[in-house]
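Since the structure comes first, as structure tokens, the remarks are kept for the end.
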Amino acid sequence: MRLKDEQKFEAIIRATLELTHEKGLAGIKMSELARKAGIATGSLYTYFEDKQDILLSVDREVRSRGAAYLMQASTDDEESYEGRVKTYVGQYADFVSANREAILFIDLLQRSPFMTERSYQDTVDQYRFTLELVEEGQNAGLIREGDPEEMVHVIDSIIKMLIDHRQTHLKGAYNEEVRNRCKEYVWAVLKK
């Protein structure tokens, strides 16, 4: 992508996340998205076929950034399995807290008619390292048995709900205490 195109795509991502936060996925209109992104409506159709194509493209980009963030924070191979899981959970909690609009967008899209099986499979592929971490623990007998994908969803849900409860309902800030609580709760659920 050329720089100008990258800047437009960044503006489209930001506008999509903001409108989703304000109106939900169904409330996003192409003309309003274009206006918020500072581009002509016709330009949207230069880059995307339709609303679903925009939503799925934004989803891929947001998830890609999340996966890259989590992978850069890789754990020390010398660390215990429990330590590596807790390091991962802490990093994921940091990402969730810092990217609330993106997380809301992803969660809404997953449950919408815009989501496709292909997009879901892309998500699984992007977060393969998380599945591998769960499978490693199961194979070593360190964590409970079960479908690894379901276990990843359990990890995801605990972190998101704890942070959401803290920030939305208690109006509290995300801090080290919340981060540590995420790590402890996830480990308590996973361990045998």
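The values are calculated or read from the model by the stated rules, or taken from the named source; none is laboratory data. Since the model is a prediction, treat every value here as computed from it, not as a measurement. Every residue, glycine as well, gets a Cβ built from its backbone with ideal geometry; the counts of neighbours run over all protein chains shown. For the accessible areas, the whole protein counts, side chains as well, though only heavy atoms, and no ligand, DNA or RNA atoms are used. Shrake-Rupley method; radii C 1.70, N 1.55, O 1.52, S 1.80 Å.
General observations
- For the stretch 168-184, 3J(HN,Hα) per residue [Karplus equation, 6.51 cos²θ - 1.76 cosθ + 1.60, θ = phi - 60°, Hz, x = Gly/Pro]: 8, 7, 8, 6, x, 7, 6, 8, 4, 4, 5, 4, 5, 5, 4, 4, 5
- Virtual spin-label span in nm between SER157 and TYR47, 7 Å along Cα→Cβ: 3.5
- Projected-area average for the stretch 1-98 over all orientations - Cα convex hull basis, square nanometres: 7.7
- P(r) tail for the stretch 100-185: Cα pairs beyond 22 Å make up 39% of the total.
- Each residue of the stretch 57-63 was assigned a 3J(HN,Hα) from its phi angle through the Karplus curve 6.51 cos²θ - 1.76 cosθ + 1.60 (θ = phi - 60°); the sequence is 5, 5, 4, 4, 5, 5, 5 Hz, with glycine and proline shown as x.
- Within the listed set GLY137, GLY27, GLY66, the Gaussian network model of the chain (springs between alpha-carbon atoms below 10 Å) gives the highest mean-square fluctuation for GLY27.
- For the stretch 140-186, the share of accessible area belonging to carbon and sulfur comes to 55 percent (1.4 Å probe, ligands and nucleic acids excluded).
- Globularity index of the chain is 1.12 (Cα radius of gyration / 2.2 N^0.38 Å, N = number of residues).
- Folded to 0 to 90 degrees: helix 117-126 orientation relative to the chain principal axis, Cα: 50
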